[in-house]
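Comments concern the structure below.
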Amino acid sequence: MTYDAEATRRRIFDAATAEFAAHGLAGARIERIALKARANKQAIYLYFGGKEKLFGEVVRCKVDEVCHGADLRPDDFAEAIGRLFDWYGQNPELVRLLLWEALEGGGDVQGEPERREDYRARVREFQAAGVVRAPAGAEGTRVTQDRIFTILGLVAWNFAVPQLRRLILDEDDDEAALARRRASVVETARALAEAGIFA
C-alpha cells in the first residue's frame with residue numbers, strides 16, 4: 001500500500017480542528033491529534049511545524065472557508081446572510097476557534113499580515129459588488145469594514161454564547177429555536193438593506 005501524504009495531512013488537519021475547538025491551543029494535545037488522525041507525531045511536525053503553527057493554520061483555513069463561502073450580493077443580501085447563518089450552524093468549530101485565539105493569543109495572531117490582507121481583499125470585493133453603500137475612497141473602505149464586521153457579529157453571536165441564548169431568550173438549542181433566530185437575523189439584514197445601509 002502506498003503512503004498518501006495528502007490524505008494524512010487532511011486527517012491531521014481535521015483531527016486538529018476538532019481538538020483545538022474543544023480544548024484550545026494550551027489544552028490541545030499532539031498525542032490525541034495523532035491518534036485520531038491515525039498518524040504519528042512526526043508527521044504533524046513535518047507537515048505543520050508544531051502545535052502553534054498547526055493551530056494558526058487551522059484557524060486561517062476555517063476563516064478562509066467562511067470568507068469565500070459568504071456570497072454576499074446586493075440583489076440577495078438578506079438571504080445571503082441567512083446562508084451565512086447556516087454555515088456557522090454547520091461549522092460551530094469556527095466560533096470556538098476564534099474565541100480560543102482571542103483568549104490564548106495574548107493579542108498576537110499567527111499569520112496576521114496574510115489574514116489581514118485576505119479580509120481587505122474580501123472588503124474590496126464587497127465594495128466592487130455594491131454590497132455596502134459607502135462613499136468612495138478610504139472613508140468608504142472604513143464604512144464597509146465596519147458594516148461587514150457588524151453583520152458578522154449579528155450572525156456569529158448566536159453560536160458564540162449559547163448560554164446567553166438560553167438565559168435571555170429562555171430557549172434551548174433545538175431546531176425550532178435556531179430557525180427562529182435565523183429568521184430574526186435575516187429580517188434584520190433585510191431591514192438594514194431597506195434602510196440603505198446595505199445595498
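The values are calculated or read from the model by the stated rules, or taken from the named source; none is laboratory data. Since the structure is predicted, the reported quantities are computational estimates derived from the model, not experimental observations. Heads up, the Cβs are rebuilt from the backbone with ideal geometry, glycines too, and the neighbour counts pull from every protein chain shown. Ligands, DNA and RNA are excluded from the accessible area calculation, which covers all protein heavy atoms including side chains. Shrake-Rupley method; radii C 1.70, N 1.55, O 1.52, S 1.80 Å.
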Cα-based Rg and Dmax for the chain, where Dmax is the largest Cα-Cα distance (Å):
18.9, 61
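Accessible area per residue of the chain at 1.4 Å probe, in Å²?
Per residue, the chain has an accessible area of 57 Å².
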Whole angstrom only: what separates the Cα centroid of segment 143-161 from the Cα centroid of segment 1-45?
31 Å
When the chain is fully extended, how far beyond the present Cα-Cα distance does His68 get from Glu125, taking 0.36 nm per residue of separation?
19.4 nm
Within segment 45-199: Cβ-based charge dipole about Cα centre, in debye rounded to nearest 20 (Lys, Arg +1; Asp, Glu -1)
320 debye
Tell me the carbon and sulfur percent of the accessible area for the chain, rounded to whole percent, probe radius 1.4 Å.
55 percent
